[in-house]
Amino acid sequence: MNDIKRPLPNLEERDTEDFWAATLDHELHFQQCSHCDTIVFYPRSHCTGCTEGELISKAASGMGTVYTYSIIRQSYHPFFRNLIPYVVAWIDLDEGPRLLSNVIDTDWQAVHIGMRVQISWETHEGVNLPLFKAAQD
Amino acid sequence: MKQSRLAAIVGIHEFRDRDVMGELSALQIKAQSAARALADAGLNWSDVDAIYDAGEGGGMSGLNISEYFGIRPRVIDTTAVGGSSYQFHAAHALRDIAAGKARLALLTYGSTAHSDRRAIGVGGRAAGGLHPADNLDGFAGSTLIANYAMVAQRHMFDHGTTSAQLAEISVATRLHAMRNPDAVRAMEDLEFLDIRETTIDDVLNSRVIADPLHLLECCMISDGGGALVIAAADVARDCRKKPVWIIGTGEATRYPTMGGDITTSAAVESGAIAFAEAGVTPSEIDIAMIYDSFSITVLTLLEDLGFCDKGEGGSYVTGGRLRFDRPSEGPALNTDGGGLSSNHPGMRGIFLLLEATRQLRGESTAQVDNAKLSIAHGNGGMLGSRHTGGTIILAAD
């Protein structure tokens, strides 16, 4: 009924192509330096903490906490306007990185700062999107 | 501490039309504004030897804008860091003049955002962009307003800030706008409903765009532009208008980090640098021109610049304290009507400097008696995400 597509990432963008490829295995990757342990997120090909190390991709647990959020009531985007009201949130992953995403399958009035969330993959051809829903205890 | 008297703002112009109905280009707005600003100073194109440009008129702007204006500058600076670009330009103009590399600097801005029907705030960011950060989170459908709303939500959570407190910023700004004929005409041309002074309830009763921000907490999207001429001290003394000295500048950047506090901005760093250079404190400032993309932007920046402690912004702005007619209670805020109610074509930074200068000349429509010190702080990019802070402190003789 709604054939307007959600915007999807460019899978050939050099810094993020491995991140998106990993989502096909339902893995959410972040990077950590083999030399200085700096965590790098969003993905890059260089360590921002030192000039020596190599960045190693690691899979996050998929668990996190809502750092902050907003309920969007107005959007002119042809896809997102049909989702209104919907929740955008900065999610602090348990491993540290902070990710901008949506909280879905949850009463939007119940979303709150500090809420525990878990990853909920939305499947697309060639890529899965890391959305979040209320954590199940 | 002896304040710097090396460079001064000597010419200003704010383009009056906020809706050019598609009949002018951004470049034309820049050039017409530049001519008027030069005339304001009693100078000509041929006097300009340094150009500062944020590139909104097109690529290779340092070269192309020079030809378009018909000047041959010996200093070219195309710093483009969003809405604060003009604070960075003013800082660099002072530096270049102090170094003897330039004597007369020209800063210009032009935009047809309204005519182009750019839904800047609620368009949703497109995915598939070339920057890896955007390629990572474009799928979420966040909007520019939602980004600021998330700062407000966290500020409320951490500090107990309320929507009624944030509304004070909109109310004071509209009060100032109603005194400014150009702002009133802007609101008429952009078809604002119910153009009048507002109350806190008016703001709270306007519709929510992205929780917790209401319509009347969001800036307009206008056409517009302006120009600013900065001169070396010896040139400034011979200009038509009295000089407004640049006595302190600061620049800083912040971006998302693990565990970072998004209610604190780069203004912490840029403000501290600028105040130290100027040798003044926030309590001495008469006029606070603070980038008002949204109510929360002002609240956050007032805290970060040191007008109150972090978390105290809500109580600080309460009770009409920001009005131009309460000088004993601290600086007047955005006395031209701000981006909320006068002029926001996308990058407001130049207008902060223009009104700060008008106040120190005694030319504002919400004039603060005997105003001597102004601050103009621009925030570029997105508060709470990747952004720049540019602080300029200005002094009248």
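The values are calculated or read from the model by the stated rules, or taken from the named source; none is laboratory data. Predicted, not measured: the structure shown is a model, and the values here were computed from it. Cβ placement follows ideal geometry from the backbone for every residue including glycine, while neighbour counts extend to all protein chains displayed.
Of note:
- In the set B:99, B:146, B:140, B:152, only one residue is within 23 Å of residue A:132 (Cα to Cα), among the small types (Gly, Ala, Ser) and free of Cβ contacts under 8 Å to residues at least 12 places away in the same chain; that residue is B:140.
- Residue tally, condition at pLDDT 95 or above, buried (at least 17 other Cβ atoms within 10 Å of the Cβ) and not small (Gly, Ala, Ser), over segment B:48-67: 6
Here's the yes/no breakdown for (1) in contact with a helix residue (DSSP H, G or I) (Cβ under 6 Å, 6 or more places away or on another chain); (2) part of a loop (DSSP other than H, G, I, E, B); (3) β-branched (Val, Ile, Thr):
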position: B:18; (1), (2), (3): yes, yes, no
position: B:23; (1), (2), (3): no, yes, no
position: B:29; (1), (2), (3): no, no, yes
position: B:33; (1), (2), (3): no, no, no
position: B:43; (1), (2), (3): no, yes, no
position: B:59; (1), (2), (3): no, yes, no
position: B:72; (1), (2), (3): no, yes, no
position: B:79; (1), (2), (3): yes, yes, yes
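- Residue match in segment B:343-360 (condition: among the hydroxyl-bearing types (Ser, Thr, Tyr) and assigned to a loop (DSSP other than H, G, I, E, B)): no
- Single match in A:66, A:40 (criterion: farther than 24 Å from residue A:126 by Cβ and in the same structural domain as residue A:137 (by TED's automatic domain parsing)): A:66
- Scanning segment B:128-144 for residues that are at the interface with chain A (Cβ under 8 Å from one of its Cβ atoms) and either under 20 Å from residue B:209 (Cα atoms) or assigned to a loop (DSSP other than H, G, I, E, B) (or both) yields B:128, B:129, B:130, B:138, B:139, B:140, B:141, B:142, B:143.
- Pair list, Cβ < 7 Å and 6+ apart or interchain, from segment B:173-199 residues that are in contact (Cβ under 8 Å) with a residue 60 or more places away in the chain to residues that are buried (at least 21 other Cβ atoms within 10 Å of the Cβ) and of a type in the set (Phe, Trp, Tyr): B:176/B:324
- Candidate set: segment B:361-382, residues that are assigned to a loop (DSSP other than H, G, I, E, B) and touching a Phe, Trp or Tyr at 6+ places or on another chain (Cβ under 6 Å); chosen: the one surrounded by the most Cβ atoms within 10 Å (Cβ to Cβ): B:366
- Residue within segment B:219-239 that is without any contact (Cβ under 8 Å) to a residue 60 or more places away in the chain and among the aliphatic types (A, V, I, L, M) present: no
- Restricted to segment B:189-307, the set of strands (runs of 3 or more DSSP E) holding at least 1 residues that are surrounded by fewer than 21 Cβ atoms within 10 Å (Cβ to Cβ) and touching a His at 6+ places or on another chain (Cβ under 6 Å) comprises B:208-210.
- Scanning segment A:50-76 for residues that are touching a residue at least 24 places away in the same chain (Cβ under 8 Å) and assigned to a loop (DSSP other than H, G, I, E, B) gives A:60, A:61, A:62.
- Residues of segment A:106-129 satisfying the condition of being on the phi > 0 side of the Ramachandran plot and more than 9 Å from every other protein chain (Cβ to nearest Cβ): A:126
- In segment A:88-105, the residues that are more than 9 Å from chain B (Cβ to nearest Cβ) and either of a type in the set (Val, Ile, Thr) or part of a helix (DSSP H, G or I) (or both): A:91, A:103, A:104
- Of A:53, A:126, A:62, A:96, all but one fail to be surrounded by fewer than 22 Cβ atoms within 10 Å (Cβ to Cβ) and in contact with a Ser or Thr (Cβ under 6 Å, 6 or more places away or on another chain); the exception is A:53.
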